[in-house]
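Since every read-out is calculated from the coordinates, none of them should be taken as a lab result. Worth saying up front: this structure is predicted, and the values here are computed from it rather than measured. Cβ coordinates were reconstructed from backbone atoms using ideal geometry, including for glycine residues, and neighbour counts include every protein chain displayed.
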Amino acid sequence: MRHDNRKQDQLRSFSLERGYAKFAEGSCFVKIGDTHMLVTATVEEVIPRFKKGHGEGWVTAEYSMLARSGRERNSRDPMRPNGRSMEIQRLIGRAMRSVTDLKMLGERTITVDCDAIRADGGTRCAAITGAYVAIYDAMRWLIDRRMIKTIALREPIAAISVGIVNGQNMLDLDYQEDSNAETDMNVVMTGSNRFVEIQGTAEIEPFSSEALGQMLALGRKGCQELMAAQKAILEI
């Protein structure tokens, strides 16, 4: 048993709430344990310069943590995000584009804003899981206005952390576990059980191919549970 009495293959308690941001085209408030993320999707009738003439749209993301979302205050940088935030928002953008039919979306951009209100590990994973719900509802908004004909998402996508803590493979690490992990990994998967991204690092000693397989299996289990929750809340 873990410090919070979870089993090694057990997610923290979680919930997804659609339509949390009143004025956004799509939004989702994600709670996974003590990690709380507000994710919004904004539709704009513009595309980046490099996409012009291609007849397709774009999906991008921004990520930030509120000043006291964590155990210590995060300094505000109004000019540009720090290196960690840049890396995470690029991950979120890549993940969402991997399941989006950009041609079907048309020449418009969906910007996903991911803001950590409370951070206790796994914020990037929570952001990706919530982004799918927010973008799905933004596309419903587009359909209602006859701007697209159908949902331009090929399949669901979710993300979860896994790792090795005290020699044990564990699913959905919180901050305490993550900060003491021998190996820390983030797994991004689609509904067809294909990997979009695997971010894994040995913090103390290298891990074996056997351990990698076990962690990926845990990640698949967690993502499948999250995607089932997405399907239920979206009523699809």
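Local charge for Cys114 was computed over the other residues whose Cβ lies under 10 Å away, with Lys and Arg +1 and Asp and Glu -1, and equals -2.
Figure legend: label point modelled 7 angstrom from the Cα of Lys231 along Cα→Cβ; residues of region 157-178 with amide N under 19 Å from it are 157-160.
Other residues within the sphere of radius under 12 Å centred on the Cβ of Gly191, judged by their own Cβ, net out at +3 (K and R +1, D and E -1). Across region 79-114, the residues whose backbone nitrogen lies under 16 Å from the label position 7 Å along the beta-carbon direction of Phe195 are 95. Counted by Cβ distance under 10 Å from Met147, the other residues give a net charge of +2, where Lys and Arg count +1 and Asp and Glu count -1.
Computed extension length for Ser209-Arg140: 20.6 nm, one decimal, from 0.36 nm per residue of separation with the Cα-Cα distance subtracted. Distance from the Cα centre of region 83-150 to that of region 164-180, in angstrom? When both Cα centres are located, 27 Å separates them. The Lys52 and Glu72 beta-carbon pair, evaluated with R₀ = 45 Å, returns a calculated FRET efficiency of approximately 0.55. Between the exposed loop cleavage positions of the chain, defined as GluC sites (Glu not before Pro) in a non-H, G, I, E, B DSSP state with at most 14 neighbouring beta-carbon atoms within 10 angstrom, the longest gap is 73-202.
Length available on full extension from Met147 to Arg220: 0.36 nm per residue minus the Cα-Cα distance, which gives 22.8 nm. Number of Lys-Lys pairs in the chain with C-alpha atoms under 16 Å apart and a separation of 8 or more places or on different chains: 5.
Got the relative contact order for the chain handy, in percent, Cα pairs under 8 Å and 6 or more residues apart?
Value for the chain: 21 percent.
Span-like helices, the chain: DSSP H, alpha-carbon axial extent 20 Å or more, mean Kyte-Doolittle -0.5 or greater, which ones? For the chain, where a helix must reach 20 Å along its axis and average at least -0.5, the hits are 123-144, 209-234.
Summarising the amide proton neighbourhood of Thr183: residues at separation of 5 or more, or on other chains, whose placed amide H is nearer than 5 Å comprise Ile164, Glu203. Using C-alpha pairs below 8 Å separated by at least 6 residues, the relative contact order for region 122-226 is 25 percent.
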